[in-house]
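Comments concern the structure below.
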Amino acid sequence: LSGNSRNCFLTGNPDSYKNLIGKGLRCLLDVPHSSGREVYRNAHHSLGRFFSQSSQPRGEKIPSLQISFVGQPPPHFPAWNIQINRSFHTSPSLQAAPVPLFWIIVKPAQKLFAIILGRSIRKWWKALPPNKRELFKESARKNKWKILLGVSSLGVVFVMFYFTHLEETPITGRARLLVFGKEHFRELSQMEYDMWMEQFKSQMLPETDARYQVVERVVGHLSESNKDVPQVSALKWVIHVVDEPGVNAFVLPNGQVFVFTGLLDAVSDIHQLSFILGHEIAHAVLEHAVKKASLVHFLDFLSLIFLTMIWAICPRDSLAVVGQWIQSKLQEFMFDRPYSRTLEAEADKVGLQFAAKACVDVRASSVFWQQMELAETIQGQPKLPEWLSTHPSHENRAEHLDRLIPEALKIRESCNCPSLSGPDPRLIFRLSMQHLLESSKDQGPPNSTKQDPSKPKLDFPHT
């Protein structure tokens, strides 16, 4: 975070960069904090402006990031003369894949079938005369071992199905369940891409926009630095920058990168942006969308048994509806959301590795989530318990990244990246927080006096 007239720098040591090129490496991001060549700047990075972006009206334009030079850079300056691998594309293909209607229809059809079956069983049982009910119960008692064997066989089938559909996750080596075929899921990804393009077609920034070029260079450098990973080099990364104030970015499984301008305003330097985009690229490389959809589909299939039982046992439809709602919420909070948080933590770890191989200052990763935590506190947003969310809390993410940073620094060193100079950004943030708290105490209670609108908003000191 910096003041209104202060800038965030992306600079490089030309001599060290030439040495790295000789070793076959391309390290774009090397930031000595005391350097003076300006490349990445947002003139409205004051604390008040920074934390008011998420509440900005939809129609209001966000000031553009400005890219400029102080003097002319030497011809070997790494940030601008680096050659991006041509597997990195910026012009999307608009040919839509065939619509996989089967996967769209099958899920609600399964639940409808379970409800009809359970309700039919209940009506059939109620319509039976008392003597036939007793005969049925007696027959069930006599054949209880056969019934138990049948139920056990069904359970074995599910277990076998689960273990025969496990695959190894790339990079992490963790076992994952894959129910969907990748080709079918690519079709669904193309449908989702077409949906987003239709929604944001009037808000897409052109390739000549400075903000677009920043994202293009960061994604290009990340993909180039990690081209030894087959899943990274196999995808064609296509950039889309959306003029939208939300702090958001995502990457579709087919390599379509969407970045909102609100995120560009939220990050305080190029290193934070590189980590966030590395995190989103990790989601695509690890095929998290396929994994999540596979688990949900598998659990939904298992829940059909319980759904049928609920509608068969409950005496009235109203009670069955309540039971179905309880069952769906238990599945959501016991399986779906914890699994989503696990995938987010995995993407943080792999995204940090991607950033480290790109010679990013990985220490800035935890600072971003501390800033997000501070932003929510200042804006007075309610804090939900982590178990209610699909993402880890900002505080826990920062702590998790702090534990991963030593390993990421070793990866960065093994790539012969230029050594980091200047103070640790985490230390700068802590000192800035202390200054913020002291300044707040000096100003007194917020409601005691009205703030003079002519005075600048509270800001972090320049370090």
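The values are calculated or read from the model by the stated rules, or taken from the named source; none is laboratory data. Nothing here was measured: the structure is a model prediction, and the numbers come from that model. All Cβ positions, glycine included, derive from the backbone under ideal geometry; neighbour counts span all protein chains shown. In case anyone asks, the SASA skips ligands and DNA or RNA and just uses the protein heavy atoms, side chains included. Shrake-Rupley method; radii C 1.70, N 1.55, O 1.52, S 1.80 Å.
Packing-based ranking of 432-440, 343-351 yields 343-351, 432-440, ordered from highest to lowest mean Cβ neighbour count within 10 Å.
Pairs over the 24 Å Cα-Cα cut-off, from the set 201/349; 349/410; 107/291; 227/410; 227/349: 201/349. Using θ = phi - 60° in the Karplus curve 6.51 cos²θ - 1.76 cosθ + 1.60, the 3J(HN,Hα) couplings for the stretch 195-203 round to 5, 5, 5, 5, 5, 10, 4, 8, 10 Hz; x is entered for Gly and Pro. Considering only 309, 263, 351, and ranking their Cα positions along the charge dipole of the stretch 257-376 that arises from unit charges at the beta-carbon of Lys, Arg, Asp and Glu, the one farthest toward the positive end is 309. Peptides 161-171, 416-426, 268-278 ranked from most to least packed, by the mean per-residue count of other Cβ atoms within 10 Å: 268-278, 416-426, 161-171. Less than 5 angstrom separates the built amide H of residue 238 from those of 256, 257, all sequence-distant by 5 or more or on a different chain.
Ranking 319, 352 from most to least accessible surface, computed with a 1.4 Å probe over the protein chains only, gives 319, 352. Phi-derived couplings, Karplus 6.51 cos²θ - 1.76 cosθ + 1.60 at θ = phi - 60°, listed residue by residue for the stretch 305-322: 5, 5, 5, 5, 5, 4, 6, 7, 8, 4, x, 10, 4, 4, 5, 5, 5, 5 Hz, with x used for Gly and Pro. Counting heavy atoms of the protein chains alone, residue 308 has an accessible area of about 30 Å² for a 1.4 Å probe. I need the shape label for the stretch 338-435. Rule: rounded when a/c is under 1.5, else prolate if a/b > b/c, else oblate, with a, b, c from the alpha carbon gyration tensor. Oblate.
Using the Karplus relation 6.51 cos²θ - 1.76 cosθ + 1.60 with θ = phi - 60°, the per-residue 3J(HN,Hα) values for the stretch 384-398 come to 8, x, 4, 5, 8, 10, 8, 10, x, 5, 4, 5, 5, 5, 4 Hz, with x marking Gly and Pro.
Taking a point 7 Å from the Cα of residue 309 along the Cα-to-Cβ direction, the residues of the stretch 145-164 with backbone N closer than 20 Å to it are 145-162. Straight-line cross-link reach from residue 357 at under 14 Å between alpha-carbon atoms covers these aspartates and glutamates, not counting any fewer than eight positions away in the same chain: 30, 224, 228, 407, 413. Packing order of peptides 144-150, 213-219, highest average first: 213-219, 144-150 (average count of other Cβ atoms within 10 Å over each peptide's residues).
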